[in-house]
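One structure is given here, and the rest of the page talks about it.
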Amino acid sequence: MSVSPIPQPRPGQHQPGDTPAAPAVSRRTRFSGVRGWFGRRLADLDLAATYGWRLTATWIKTVAVISGVLAAVFTAHWIGTTVLDLAHALPWPLPTDPTGLLTTIDKPVRRYLTTHTHALPVTTATAYSTWQAVGALSLLLGFFFRSTGARLTWTAWGAATVAMVWAGTPGPGRQVAAGITLLAWAALSLFALRGLSLLPAAFVHVDVHNQAPPAPQVRAKIHLPKAAPTTHKPYNPPQPPSWN
């Protein structure tokens, strides 16, 4: 009995050159007993649950996107309704004010809003609650998150508050009430505008000149072959014959 040196593949084992079957086809065979449109939809759902979003059918992606948008809309509506209910529960009561400084700021604001909201659909309590909520939120967001939008809102809120105090305070104490409001707003701005600098950013321009190293001087050396030394023998003229 001869044993082949080449290992034989096991049943169900894929060879490196084999091409695996497409996942969609293999998954659809599981629902071969269910025919028609319903069976194809079940195969698409099974394919999406197994292989993720990339191989998900288009109709499943469309349904998922529409469902997400509707959920976001209903969530935003619920949050907005909750915030409005909380706003109607305002105004927030002021803390104990033995010095009367808070009352100097709060009372003219109430008087101004009461006078100028008669012809508006919004009530005085809602306008006053909105004024409190905007100031508190912009202060907190500017302090903790250093948000530019919150800081701009805080600036506009402070200017509007000083204007309402100026308009809602009787003539003799108008300047004093507006000054107290401005100082209080400036003191709270230390927290709302924390880390804000009005100095322009300094840009330091550094010129870096990288000088190339001098090129090495190449001196050509010419080597001429030396000629072999020649031996010059002295010239001896021939001697005349002697007749002696």
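Take Ala49 and Ile79, extend 7 Å from each Cα along the Cα→Cβ direction, and tell me the distance between the two endpoints in nm.
Simple spin-label model gives 3.2 nm for this pair.
In nm, to one decimal, how far is the modelled label at Ile66 from the one at Val176, with both set 7 Å along Cα→Cβ?
That separation, rounded to one decimal, is 6.8 nm.
Extent of the range 95-180 along each principal axis, from alpha carbon coordinates, in Å, largest to smallest?
Here the spans come out as 40, 34, 23 Å, largest first.
If r is the Cβ-Cβ distance from His116 to Leu140 and R0 is 25 Å, what FRET efficiency results, to the nearest 0.05?
Numbers: r = 28 Å, r/R0 = 1.10.
Once the sixth-power term is evaluated, E becomes 0.35.
Laboratory data are not the source of any read-out in this text; all were calculated from the coordinates shown. Quick caveat: nothing in here was measured; it's all calculated off a predicted structure. Cβ coordinates were reconstructed from backbone atoms using ideal geometry, including for glycine residues, and neighbour counts include every protein chain displayed.
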